[in-house]
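The values are calculated or read from the model by the stated rules, or taken from the named source; none is laboratory data. Since the structure is predicted, the reported quantities are computational estimates derived from the model, not experimental observations. Heads up, the Cβs are rebuilt from the backbone with ideal geometry, glycines too, and the neighbour counts pull from every protein chain shown. These accessible areas exclude ligands, DNA and RNA; they are computed on the full protein's heavy atoms, side chains included. Shrake-Rupley method; radii C 1.70, N 1.55, O 1.52, S 1.80 Å.
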Amino acid sequence: MSATEAPKDGAAFCADLVRSHDFVRYASTLFLPGPERRAMLAIYAFNIEVSRVHEQVSQPLPGEMRLQWWTDMLAGAGHGGVEGNPVAAELLHTIRNHRLPVSPFSQLVEEHQFDLYNDPMPSLAELEGYLDATASVLFSQATRVVARPSEAIDHLARHAGLAQGMAQVIASLGRDASRQQLFLPLQLLHQHGGSKEEVFAGKVTPNIRAAIDQLADKAQGHLKTAFGLLADVPSGVRPIFLPLACVRRELNRARREDYDPFLPKPVSRLRTLWTLWLAARTEEFGR
């Protein structure tokens, strides 16, 4: 097997992983050609493996060790287990074939160390830094598979990642609270007279509602900017940003008066596919 090849079963493994744990991103890859789709799925599978580490350990130290494995793998050290890890093999295949920079992947791993501890997200600025290194990086790296990097694309990727990440913080508030984790910035809660204990109690209060509304406003601002920037990037890049259609839907839902983040209502896969299909037919995402 040459240096640019990777086992086909690794590609299938990544596809299954993304379909099971990140269906919105999985569905968005259906609008891309086969080779590019395989690369996207490798990137998204890597993100799932790293972002789920905190769910798979009960103490920070084992989580640190798992993240260190990914850091070492990306640095070219400790390759003994790469052949047995289909996600790692697929990611390396993608990095080589598409000449992707490694440092953003390493930074993503490092940023997810925050997840291993029960420290609340301190401020909006620190949440934005966290999302820049995670959600925005995924958009940015994915675009490099289909187009040459540019300032316009990176600008779009940053705002897209911030909008998507903030929407996810709101959508995951209840699940995170059940694990005594808080990604809703403590700064916003305190501004409205709330506290992390209030969130961990699992019931919506006016204080929590106000903090959510403020974060949703910020997310809406980034989303509006991202949609405005779509026209400035090559048409072949736009399908990568199809998940923004689902972000728009989630933020609209979060602004409803009866919205309760502690009572999640999963969106069906059929509805997700329908949302993305409709978006793909619009001028915003059209080729």
Notebook entry, point to check: If we only count helices (runs of 4 or more DSSP H) wholly inside segment 162-272, which ones have 3 or more residues that are in contact with a Lys or Arg (Cβ under 8 Å, 6 or more places away or on another chain)?
Noted result: 206-229
Next item on the list: Just need a number here: residues in segment 102-130 that are under 18 Å from the mean Cα position of the chain (by Cα), hydroxyl-bearing (Ser, Thr, Tyr) and open to solvent by less than 70 Å² (accessible area, probe 1.4 Å).
Entry: 2
Check: Does segment 74-128 hold any residues that are at pLDDT below 95 and either of a type in the set (Val, Ile, Thr) or outside any helix (DSSP H, G or I) (or both), and which are they?
Finding: 76, 77, 78, 82, 85, 117, 118, 119
Checklist line | Leading residue by the ranking (farthest from residue 267 (Cα to Cα)) among those in segment 8-45 that are open to solvent by less than 40 Å² (accessible area, probe 1.4 Å) and free of Cβ contacts under 8 Å to residues at least 60 places away in the same chain | finding: 42
Check: Out of all the residues in segment 136-144, is one or more over 26 Å from residue 49 (Cα atoms), open to solvent by 20 Å² or more (accessible area, probe 1.4 Å), in a helix (DSSP H, G or I) and modelled with pLDDT of 95 or more?
Finding: no
Next item on the list: Output the number of residues of segment 249-269 satisfying the condition of being closer than 15 Å to residue 210 by Cβ and among the aliphatic types (A, V, I, L, M).
Entry: 1
Margin query: For segment 169-199, give me each residue that is over 19 Å from residue 22 (Cα atoms), of a type in the set (Asp, Glu) and crowded, with 17+ Cβ neighbours inside 10 Å.
Written below: 198
Check: Which pairs do you get when a residue that is open to solvent by less than 50 Å² (accessible area, probe 1.4 Å), found in segment 218-232, comes within reach of a residue that is not in a helix (DSSP H, G or I), reach meaning Cβ atoms under 8 angstrom, with the pair 6+ apart or on two chains?
Finding: 227/284; 230/284; 230/285
Checklist line | Within segment 131-143, considering residues that are closer than 17 Å to residue 167 by Cβ and not aliphatic (A, V, I, L, M), the one farthest from the chain's Cα centre (by Cα) | finding: 132
